[in-house]
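Below: the structure, in structure tokens.
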């Protein structure tokens with residue numbers, strides 16, 4: 001998709017967005033998200049529910065870096081259990097092919113029927129912050145974190161990151177999913193609009209979020225979608241950081257224009 005670049009006076013739609021990467025051929029501005037995606041053969045054998053269950057218990061009952069990290073991020077045991085967060089170390093014996101999960105925070109990704117279709121891994125480094133593994137026969141467009149057990153026919157808030165969703169859940173905002181980055185597409189939007197009366201995108205206040213906002217405006221105008229709403233947070237904020245600094249009431253007040 002090509003759009004007019006927001007970073008310079010662009011008359012030629014010089015900005016290209018593809019696969020979570022953007023580049024402007026006019027001003028040469030470019031960037032990418034913190035999410036990497038990989039298709040995995042034999043996913044069900046390598047990462048089944050037993051692995052997820054054991055990883056969750058290991059996070060809860062073994063002394064480890066990630067449990068302290070979650071506590072510092074204001075994530076409670078209630079939320080940890082709800083979303084089956086987990087962790088395993090090198091002493092936890094699994095198949096050599098799935099040792100990629102060692103020493104990373106694990107986010108199981110279930111589809112709307114409760115079937116495990118992917119896992120997200122948070123690393124201790126910045127690039128990439130998150131590695132997402134999913135079934136080989138799926139398209140990454142089908143990865144919607146938190147879609148299981150959502151209440152249809154109501155409004156849905158869509159955020160970009162794992163911790164954005166977890167922080168909203170901590171504050172009793174339950175109808176939230178994450179698209180794992182700002183690579184927004186029509187497939188996701190039209191599929192969700194079949195199930196929810198209103199969709200509200202809350203995007204991060206960064207380059208990727210702003211580009212996602214432009215893309216949403218384009219899709220809304222192109223398809224005349226009235227119940228699709230969107231807003232970017234202030235510069236350098238995401239829902240998680242905004243709520244932790246200003247509180248949930250201020251966050252909802254900021255989004256009030258959407259409701």
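Just so you know, all these numbers are worked out from the coordinates, no wet-lab data involved. These numbers come from a predicted model, not from an experiment. Don't worry about glycine lacking a Cβ; one is built from the backbone with ideal geometry, like all the others, and counts go over all protein chains shown.
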(request) In whole angstrom, note down how far apart the Cα centers of the range 190-205 and the range 34-81 are. (result) 26 Å
(message) Sorted from largest to smallest, which semi-axis lengths in Å does the alpha carbon gyration tensor of the range 33-141 give for its equivalent ellipsoid, taking the root of 5 times each eigenvalue?
(response) 21, 16, 15
(request) Please tell me the relative contact order of the range 96-184 in percent, rounded to the nearest whole number, where contacts are Cα pairs under 8 Å and at least six residues apart. (result) 23 percent
(message) Ranking request for peptides 164-177, 108-121, 47-60, 216-229: highest mean number of other beta-carbon atoms within 10 Å first, then the rest in descending order.
(response) 164-177, 108-121, 47-60, 216-229
